[in-house]
1. For an R0 of 56 angstrom, estimate the FRET efficiency from the Cβ-Cβ distance between residue C:408 and residue B:166 and round to the nearest 0.05.
2. Between residue A:24 and residue A:58, what is the FRET efficiency for a Förster distance of 41 Å, r being their Cβ-Cβ separation, to the nearest 0.05?
3. By count of other Cβ within 10 Å, fewest leading, how are B:121, A:122 ordered?
4. In whole Hz, what ³J(HN,Hα) sequence does the stretch B:170-176 give by Karplus (6.51, -1.76, 1.60; θ = phi - 60°), x for Gly and Pro?
5. List C:269, B:47 from most exposed to least, where exposure is judged by having the fewest other Cβ atoms within 10 Å.
6. Quote the relative contact order of the stretch C:260-439 in percent (integer), defining contacts as alpha-carbon pairs under 8 Å separated by 6+ residues.
7. Lys and Arg at +1, Asp and Glu at -1: add these up for the other residues within a Cβ distance under 15 Å of residue A:186 and post the number.
8. Based on DSSP, what percent of beta bridges with both residues in chain A are antiparallel, to the nearest 5?
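Just so it is clear, none of the values below were taken in a lab; they were calculated from the coordinates. The shown structure was predicted, so the numbers you read here are calculated from the model rather than taken from an experiment. Quick reminder, even Gly has a Cβ in these numbers, built from the backbone with ideal geometry, and neighbours come from all protein chains shown.
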Amino acid sequence: MRKTYKLFIGGAFPRSESGRTYLVDGDNVALASRKDARDAVTAARKAQPKWAAATAYNRGQVLYRVAEMLEARRAEFAAVGVPAAEVDAAVDRWVWYAGWSDKITQVHGSANPVAGPYFNISAPEPTGVVAVVAPASFLGLVSVVAPAIVTGNTVVVLAGAPQAAITLAEVLATSDVPGGVVNLLTGDPAETAPWLASHDDVNGLDLTGVSDTALATELERTAAGSLKRVRRPAGTEIDFFADPGVKAMTAFLEIKTVWHTKGF
Amino acid sequence: MTVTTPAGLDLRSLLHGLPGVDKVGLESRAAALGTRSVKTTAKAAAIDLAIRMVDLTTLEGADTPGKVQALAAKALRPDPADASCPPVAAVCVYPAMVPPAAEVLAGSGVHLASVATAFPSGQAPLDVKLADTRDAVAAGADEIDMVISRGEFLAGHYDKVFEEIVAVKEACGAAHLKVILETGELGTYDNVRRASWLAMLAGADFIKTSTGKVPLAATLPVTLVMLEAVRDFRAKTGRQVGVKPAGGIRTTKDAVKYLVMIHETAGDDWLDPDWFRFGASSLLNDLLMQRTKLTTGHYAGPDYFTLD
Amino acid sequence: MFEYAPAPESRSVVDIAGSYGLFIDGSFRESAAGSFKTVNPATEEVLAEVASAGVEEIDLAVAAARRAFGPWSALPGSERAKYLFRIARIIQERSRELAVLESLDNGKPIKESRDVDLPLVAAHFFHYAGWADKLKYAGFGADPRPLGVAAQVIPWNFPLLMLAWKVAPALATGNTVVLKPAETTPLSALFFADICRQADLPPGVVNIVTGAGDTGRALVEHPGVDKVAFTGSTEVGRQIARSVAGTRKRLTLELGGKAANIVFDDAPIDQAVEGIVNGIFFNQGHVCCAGSRLLVQESIRDELLESLKRRMATLRVGDPLDKNTDIGAINSAEQLDRIRTLADAGSAEGAERWSPPCELPGQGFWFAPTIFTGVTQAHRIAREEIFGPVLSVLTFRTPAEAIEKANNTPYGLSAGIWSDKGSLILAVADQLRAGVVWANTFNKFDPASPFGGYKESGYGREGGRHGLEAYLA
């Protein structure tokens, strides 16, 4: 039976408020509007403080649970054309990032030996709400979403390949990911991305999935309006099977340095 | 502020309710004040004021009536070669040395301070401390420098320390009471602030840092805490209490830093020998040498000033 | 009763030339694009005539840096380190000259240029010198590579210190530099050019181009540049971010702030007062991380304000070269106008304005230390960066309200917390959206301590291990 692929906002699966759909491989897919993008940002913002305040252990477990559910639904991804090897790699990728939840702070933070009687440490914190233009590859999608959320960000994702993305949303909805942590919009990124790039309540913009150079430049320029952190598209084809390193995480982390006097 | 029932619990609530002291901020403020540059006319005025604030002190087992009388003579006229040099504030001696000092100082306006209350340890029964105090006053001392029981204070027996100060104050009669906190043994700046308030609430006329008999004597930060305490105490109660750093202040440069600190924290009301004293011995000669340098234009040498 | 006599530092310790050229490829040269004057803001006296770099000169500087990049980046880290150590040493040896020069050109009190700026400048070079041969251990990969030519544009509030923050990590990582100091404070950077020569730094590794906004724009937009680092206003930062969009230039921005300095009722009050004063009056308030919004718990508001006013009455405003001066001159007529405009807006919007009695010099640019009480979040003086000695006082009742008010700004550079309660401090520090949080202290800096903003205060960090990242591929 053919199903309608709806949007994923705040943990629910609404139709586009515009009522628009478009056809992908014969499936009806919601065509997100700027108002959907706005609603997704609202949901992401609402979820963000609590998600960031969850313990790293808890976030790690939630991400690991996503990997388990993904594994369990392998067939559904095959049904929308995702190669088995890519699903396997995506499962591994979720597991990999799940484990980072309680390690990135140590790896990316520091105790600073300042020249004075001060306790001084630096630790990374999530940037906030990150808008992501995802690559079409399913592994690519996982490789931009997981690193953003594992550290406590929430995301609004403009999907590259809608059926796989919404199938992932169904995985997320049946895992323990709190509503609003991941919001997925399907449709035309060229239509919705500018609204996210200019949205003052979005803190970061990941352009990994933008292949149109002119659009990428325009989005980056727009994002400068509120000084969003921008992850630019890779210049060349990305091999998502390669070791992703930590940069996908650190791109949306802020270093906070805390000083305190020492003395009695 | 009214403290009518100095029972331990109430006193504790009050003392522990005082704002905390952050060591780093306190010490950097004191250091910053120490970088003020005081030159020319300002320096000359500061030196004369510092001389007038000196409690010229000798507290040695080897003190003799002759030595104390020589010191008292110096207190009256610190620089025999220069009549414009003011006298110091007081001479400070052991109780046994009060009578010979009184012979020289009587009627001069220079005060005679005696340490009392089993100085420097404070480890004696209360009746002995009170007798010590009464004897010193009877012999002619008009200022008494008592020590608090640090042991009782650190044990949290604030009421005992309070009552002891009240009793000594009563034994002083008309003599002014300086309460030595022995800050070098109090361990924290928070304790310095609490001990300051405790002493003031019990009736101290002055609060004093140190006996000079333990390694850690007066410092700028400790004195800063005490100056803040007297400032705040006057704001709350209307009663002004004096401050006396003692021990370790040896140079004019040091003394001027204290004056700067008074000026910029407690305020100019304390820039007066009635409200601020230096407990010192060798400081006076350095002040005199600097004074000579300013008046004559050349550097002075220690051989030209008496050692005691 | 107790007046300090004037205690001026001698200005004769430093030689200022009548005119300065651009420092390109190891030597000074004239500019075809004209020149401008730099003045002493305390007296309005012209200090020197300085060349203004045009597009042509920027081309030359970038080309020189490009030529130098190959050999410089190929040097073993230990060799680059030696140059940086040498520079640090020369700065220490010449710190008196530099301190006087900085106070003359900037207007800041000599005690700050002498005791804060210069020691931090030397320490910064010393810190990054030590990194040059240890980059593979810094956590940015086994073989981290430099980016190339770094275009660096710095502000006028800490001219030499901001230069050090930019130049030291860039050189340590093997990049070469074209740096533009601010138009009103070019002299210490030009003096630094001379130090580079004294340290035998290869020509082209550091190039100093002076000029105003157009010079800066030409530099950051130059296609030969691989990296842009900017410290300055959020508005200019936005323009730069737009201009590098779509390029491969890496960008770090350290921009404005409107920091909350939060004082809880259990604070060490005397130190908190010092921290408030240091937070907003240090460097005339020309500090991006200045504690310009005092959030005081309502239960101690009156008491704290009384102490603050008493303390402010002891601030000495005047000759920057006098060792007893606490507050020097406002850096420029333009900045003075901005401060006046915002302060007037504060009064017009109904906040209550107070300054201690203080006599301001007749010549030069001056603004008395000022506080506004009765300020609400909606007032312009609570939202806009004033960049002057003006404090807005707001109150709060609960920690949650303090956090909410502190975060209610597009900026996120710094914040202060004053309390004796450890758990409160840690919880509040966690929830403040700011890159630097000072607890029971304020405006402390150290080369080992990363510095930089959240939100519209910019991105990237300067200082410590984190500061290397901006200059490594």
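1. 0.60
2. 0.70
3. B:121, A:122
4. 5, 5, 5, x, 7, 5, 6
5. C:269, B:47
6. Relative contact order comes out at 29 percent.
7. Once all neighbours under 15 Å are counted, the net charge is -2.
8. Within chain A, antiparallel bridges account for around 50 percent of the total.
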